[in-house]
Amino acid sequence: MFDIIIVGAGFAGAVLAERLATQKNKRILIIDKRQHIGGNCYDCVDEHGVLIHKYGPHLFHTDNKSVFDYLSQFTQWRPYQHEVLAFIDGQKVPVPFNLNSLHSLLPKSLADSLELKLIDKFGYGVKVPILELRNEEDKELKFLADFIYEKIFVNYTAKQWGKKPEDISPEVTGRVPVHISRDNRYFQDKYQAIPSQGYTKVFDKMLDHPNISLLLNTDFKDVCNVNFQTGVIQFMESDFKGHLIFTGLIDELFNSQFGELPYRSLAFQFDHLAVDQFQEKTTINYPNDYDFTRITEFKHISQQVISGTSIVKEIPQDFERDNPEKNIPYYPIFTEENKKKLERYQDFASQFDNITLAGRLAENRYYDMDDIVARALQVFDDKFSQL
Ligand code: FAD
Ligand code: UDP
């Protein structure tokens, strides 16, 4: 019936399904345990008419023209430049921390002197990861690095990861570097835009093909079985001779045989308020106050002209596989110990020619949307273009 089974209807699964169906005429079955397509990028209209992002705010940004062109087949775009403020010492200042944040938080003479030092040392427009800035020996720059570390990073990271910034991969805090500029945007990518009808509609269009079937609300383990001794895959208790593309948790696929990998989960607290605007920018981070990390107001993203507004607070929590309130693994946790475990899974996976692992969870990488689209297109070229 099917040539390829894909587990997961997020960007990894959807891009591969679209390519294999349209370019190779393959018959695809996509299985997802959720009731909808789109993975974590899923958006929907809430009961008040506001287009919300069910799994946290998703802002598309990329420097990769081929990814932007590929997705543009399925959507038109509305230009959107994301800005974030952080609530620090009773003020809301731009994050990533930049020269405007510096001048808002520190006395003028000190801020002027630090600005000159930063530009002199690194150059205007340069981005410096906080963990790198902390290695500075100059007394004033060291003071600034410690100030930013304390006010922006240490408590937010403790909430988000349950760890100190230096105990997770530098790639993570490096996503939000100190920016020696007056540019208040969160990203500087060339293409920044929101799909004009939302993300779910992009997935609808990608998967609207006679060769693509969907089996939603179904856990892969309930309908498939893989014998890792023989490599035989069974679907609905019959042998399946085709290929399995898996975009879920790599450790779960292999029955956690080398131990469980750790993940971080989130609780989302949605609210609807009878005001037209709740906050001045899409997202406000609260590094040092409250249990949540940030509040996002969706109307800034959807640009809907509608009364009332919907917001979401993100409350990080431990991931617990058997607890329905905590069993979505939003973030792989990146530590040295986990890296070794992951390598064992990856080595083991490489012996199965009929299984491909792709996606944020299957590859255990901090992929943004553009990264995963690029990755899925690359997997298609490398592995399936000769079919
Ligand atoms: P997912 O979207 O997670 O899809 C995997 C799918 O597999 C899921 O639908 C899941 O239900 C399904 N699945 C897993 N296991 C099974 C199983 N056993 N059986 C059946 N189905 C299964 N990126 C950006 O570029 N910009 C942003 O602003 C942004 N914000 C984000 C905010 C948050 C809170 C999070 C968590 C991520 C954010 N991202 C953002 C990243 C973005 O969500 C990912 O890049 C993208 O979703 C990865 O796609 P994927 O297909 O790999 O995984
Ligand atoms: N971060 C922080 N304070 C902030 C914003 C980010 O400490 O105000 C750190 C934190 O460790 C976070 C990481 O930088 O997990 C990456 O932030 P980003 O906004 O990219 O996270 P995401 O949107 O992926 O959750």
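Key figures for this structure:
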| quantity | calculated |
| --- | --- |
| Meets criteria (under 26 Å from PRO195 (Cα atoms) and among the aromatic types (Phe, Trp, Tyr)) for PHE298 | yes |
| Neighbours by Cβ (under 6 Å, 6+ apart or cross-chain): first from segment 169-191, touching a residue at least 24 places away in the same chain (Cβ under 8 Å) and more than 16 Å from ligand 1 (Cβ to nearest atom); second of a type outside the set (Lys, Arg) and assigned to a strand (DSSP E or B) | PRO177/VAL128; VAL178/VAL128; HIS179/ASN98; SER181/ASN98; ASN184/GLU83; ASN184/PRO94 |
| ASN217, sole failed condition from (1) within 15 Å of ligand 1 (Cβ to nearest atom); (2) outside any helix (DSSP H, G or I); (3) touching a helix residue (DSSP H, G or I) at 6+ places or on another chain (Cβ under 9 Å) | (3) |
| Any hit, segment 139-149, residues being within 16 Å of ligand 1 (Cβ to nearest atom) and among the hydroxyl-bearing types (Ser, Thr, Tyr) | no |
| Segment 159-179, residues that are in a strand (DSSP E or B) and either among the β-branched types (Val, Ile, Thr) or within 15 Å of the chain's Cα centre (by Cα) (or both) | VAL178 |
| From ASP271, ASP291, residue being more than 27 Å from GLY38 (Cβ to Cβ) and among the charged types (D, E, K, R) | ASP291 |
| All positions within segment 301-324 that are in contact with a His (Cβ under 9 Å, 6 or more places away or on another chain), closer than 17 Å to LYS54 by Cβ and not polar (S, T, N, Q) | ILE301, ILE311, VAL312 |
| Residue tally, condition more than 23 Å from TYR367 (Cα to Cα) and either touching a Phe, Trp or Tyr at 6+ places or on another chain (Cβ under 6 Å) or near ligand 1 (Cβ under 9 Å from one of its atoms) (or both), over segment 1-38 | 2 |
| Test: ASP46 is over 20 Å from the mean Cα position of the chain (by Cα), of a type in the set (Asp, Glu) and away from ligand 1 (no atom under 11 Å from the Cβ) | yes |
| Qualifying position, being surrounded by 14 or more Cβ atoms within 10 Å (Cβ to Cβ) and either in contact with a Leu (Cβ under 6 Å, 6 or more places away or on another chain) or not aromatic (Phe, Trp, Tyr) (or both), among LEU261, LEU273 | LEU261 |
| Residue in segment 263-275 that is nearest to ligand 1 (Cβ to nearest atom), counting only those that are out of contact with any Ser or Thr (no Cβ under 9 Å at 6 or more places or on another chain) and either modelled with pLDDT under 95 or of a type in the set (Gly, Ala, Ser) (or both) | SER265 |
| Every pair of residues 6+ apart whose Cβ atoms lie under 6 Å, when the first sits in segment 235-249 and is part of a strand (DSSP E or B) and modelled with pLDDT of 95 or more while the second is of a type in the set (S, T, N, Q) and away from ligand 2 (no atom under 16 Å from the Cβ) | HIS243/ASN354; ILE245/THR356 |
| 3 or more residues farther than 21 Å from VAL15 by Cα, away from ligand 2 (no atom under 16 Å from the Cβ) and at pLDDT 95 or above: qualifying helices (runs of 4 or more DSSP H) within segment 276-387 | 336-349 |
| Of residues in segment 165-192 being polar (S, T, N, Q) and within 16 Å of GLN81 (Cβ to Cβ), the one farthest from ligand 2 (Cβ to nearest atom) | SER181 |
| Condition check for PRO195: within 11 Å of ligand 2 (Cβ to nearest atom) and in contact (Cβ under 8 Å) with a residue 24 or more places away in the chain | no |
| Leading residue by the ranking (nearest to ASP318 (Cα to Cα)) among those in segment 108-164 that are of a type in the set (Phe, Trp, Tyr) and within 16 Å of ligand 2 (Cβ to nearest atom) | TRP161 |
| Residues of segment 107-129 satisfying the condition of being in a loop (DSSP other than H, G, I, E, B), at negative phi and touching a residue at least 24 places away in the same chain (Cβ under 8 Å) | TYR124, VAL126, PRO129 |
| Residues within segment 132-146 that are assigned to a helix (DSSP H, G or I) and surrounded by fewer than 17 Cβ atoms within 10 Å (Cβ to Cβ), tallied | 6 |
| Subset of segment 256-275 [assigned to a strand (DSSP E or B), within 21 Å of the chain's Cα centre (by Cα) and not charged (D, E, K, R)] | TYR263, SER265, LEU266, ALA267, PHE268, GLN269, PHE270 |
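Residue-by-condition table, conditions (1) within 11 Å of ligand 1 (Cβ to nearest atom); (2) in contact with a helix residue (DSSP H, G or I) (Cβ under 7 Å, 6 or more places away or on another chain):
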site	(1), (2)
GLU337	no, no
GLN346	no, no
SER350	no, no
THR356	no, yes
GLY359	yes, yes
TYR366	yes, yes
ILE372	yes, yes
ASP381	no, no
GLN386	no, no
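The values are calculated or read from the model by the stated rules, or taken from the named source; none is laboratory data. These figures come from a predicted structure and were not determined experimentally. Because the Cβ atoms are built from the backbone with ideal geometry, glycine has one as well, and the counts that use them run over all protein chains shown.
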